[in-house]
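The values are calculated or read from the model by the stated rules, or taken from the named source; none is laboratory data. Note that the structure is a prediction, hence the values are computed from the model and not measured. All Cβ positions, even for glycine, are placed from backbone atoms using ideal geometry, and neighbour counts span all protein chains on display. The area values use the complete protein model at the heavy-atom level, side chains included, leaving out ligands, DNA and RNA. Shrake-Rupley method; radii C 1.70, N 1.55, O 1.52, S 1.80 Å.
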Amino acid sequence: EQKQSIISKFNGSSPLPPCPPTPPGLEGPLRIEFEWSRSMSDVRNSSRENLQEGGRYKPLDCIAQHKVAVIIPYRNRKDHLKHWLYYLHPILKRQQVDYGVYVINQHGEGTFNRAKLLNVGYVESLKEYAYDCFVFSDVDLVPMDDRNLYRCHGEPRHMAVAMDKFGFQMPYKNYFGGVVALSRVQYMRINGFPNNYWGWGAEDDDMHKRITLKGMAVSRPDSRLGMYKMVRHLRDTHNEVNPQNPGQLHNTAKTMNSDGINSLIYSLIKIEKDELYTMIDVDIHAPN
Ligand code: UD2
Ligand code: MN
């Protein structure tokens, strides 16, 4: 009987069952430690199992109900990426997602633009596979409970609701930073994210505004499941606080239909397939 099912699994005659709504192998609360001695080869050894090139994975024994591109805005954070990969690959596998990890590297030394990099990740990941859900995650955030599922919901989802750096609370009511998940339909409804928030701040508030302006609500896990650890860090160079950014929030209603995924312009430099991730190196035409 078992042999028969193993044979049919490989000759394709009997399709795999859909994965169950609640993944069976979750662990719940996790112990997360950002060990400074962890090396990239430790990370490869613990994370590479059953991955396809570029950091892609599909459950082996069922058909995933969610095709998720995980998109990370990035520049010069090798150390953080290492911790992220170490923890997230095993978690995403336990969550039975059909996923790919896309690290969107801002080329050059110009002013950083997190939201524009996320837009690039959306476009570039869709060129590879028919993803229906996009999780946008900072490189320095690791969930402390694997029941916080990396998938999309009926409303746009804010996932990082209880971060250690904010005392495991929301810093303010409409906070939408850190890690969020939007379906393809939800993302297109808000015309993606803004392209003109250069430097640090307020782009996450603009995303939240876009969502409510289009009549959607934000869904969140409860604060116990939504706990996160952030790797401690200083503000990066070329990502200084931009005091112009908050003022732009007054114009979101006017500009969001013309600034977003429909006005995105960038130059692709290189796509590099690592075994644990796909690195998209991109020139986003930053001011200096
Ligand atoms: C907060 C929010 C973040 C975003 C940002 C404002 C948290 C945990 N996150 O992050 O979602 O809204 O404020 O812009 O509160 N990055 C690089 N290289 C750089 C600069 C940034 O890789 O040189 C990426 C990286 O993924 C990083 C993210 O951008 O995690 C956000 O930048 P940050 O970590 O410096 O900002 P932080 O922690 O204040
Ligand atoms: Mn951070």
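Picking from residues in the stretch 37-80 that are within 16 Å of ligand 2 (Cβ to nearest atom) and part of a loop (DSSP other than H, G, I, E, B), the one that is farthest from the chain's Cα centre (by Cα) is ASN76.
Just one of (1) hydrophobic (A, V, I, L, M, F, W, C); (2) over 19 Å from LEU51 (Cβ atoms); (3) in a helix (DSSP H, G or I) fails for LEU85. It is (2). Would you call LYS254 within 24 Å of GLN186 (Cα to Cα), at pLDDT 95 or above and open to solvent by 60 Å² or more (accessible area, probe 1.4 Å)? In short, yes. The single condition among (1) more than 16 Å from LEU276 (Cα to Cα); (2) surrounded by fewer than 16 Cβ atoms within 10 Å (Cβ to Cβ); (3) touching a residue at least 60 places away in the same chain (Cβ under 8 Å); (4) not aliphatic (A, V, I, L, M) that GLU124 does not satisfy is (2). On the given criteria, is LEU88 over 30 Å from SER14 (Cβ atoms) and either away from ligand 2 (no atom under 16 Å from the Cβ) or under 14 Å from the mean Cα position of the chain (by Cα) (or both)? When the stated conditions are applied, LEU88 passes them. Test of understanding: among HIS285, HIS208, which residue is modelled with pLDDT of 95 or more, open to solvent by 30 Å² or more (accessible area, probe 1.4 Å) and either over 30 Å from ASN50 (Cβ atoms) or assigned to a loop (DSSP other than H, G, I, E, B) (or both)? Result: HIS285 is the single residue among HIS285, HIS208 that is modelled with pLDDT of 95 or more, open to solvent by 30 Å² or more (accessible area, probe 1.4 Å) and either over 30 Å from ASN50 (Cβ atoms) or assigned to a loop (DSSP other than H, G, I, E, B) (or both). Annotation: HIS89 fulfils all but one of (1) within 24 Å of MET227 (Cβ to Cβ); (2) out of contact with any Asp or Glu (no Cβ under 8 Å at 6 or more places or on another chain); (3) open to solvent by 20 Å² or more (accessible area, probe 1.4 Å); (4) modelled with pLDDT of 95 or more; the unmet one is (3). Per this entry, VAL161 is not counted among residues that are touching a residue at least 12 places away in the same chain (Cβ under 8 Å), in contact with a helix residue (DSSP H, G or I) (Cβ under 7 Å, 6 or more places away or on another chain) and β-branched (Val, Ile, Thr). Among residues belonging to the stretch 224-240 that are within 15 Å of ligand 1 (Cβ to nearest atom) and surrounded by fewer than 16 Cβ atoms within 10 Å (Cβ to Cβ), point out the one that is farthest from PHE112 (Cα to Cα). Looking at the filtered set, the residue picked out is ARG232. Output the number of residues of the stretch 156-174 satisfying the condition of being more than 8 Å from ligand 1 (Cβ to nearest atom) and either within 18 Å of the chain's Cα centre (by Cα) or open to solvent by less than 10 Å² (accessible area, probe 1.4 Å) (or both). The total comes to 6. Restricting attention to the stretch 175-205, the residues that are away from ligand 1 (no atom under 11 Å from the Cβ) and assigned to a helix (DSSP H, G or I) add up to 6.
Could you tell me which residue of the stretch 127-143 is most open to solvent (accessible area, probe 1.4 Å), considering only residues that are farther than 15 Å from ILE91 by Cα and either part of a strand (DSSP E or B) or among the hydroxyl-bearing types (Ser, Thr, Tyr) (or both)? Out of the qualifying residues, it is TYR129.
Residues that are under 14 Å from the mean Cα position of the chain (by Cα) and within 16 Å of ligand 1 (Cβ to nearest atom) were ranked within the stretch 92-108; the one that is most open to solvent (accessible area, probe 1.4 Å) is ASN105.
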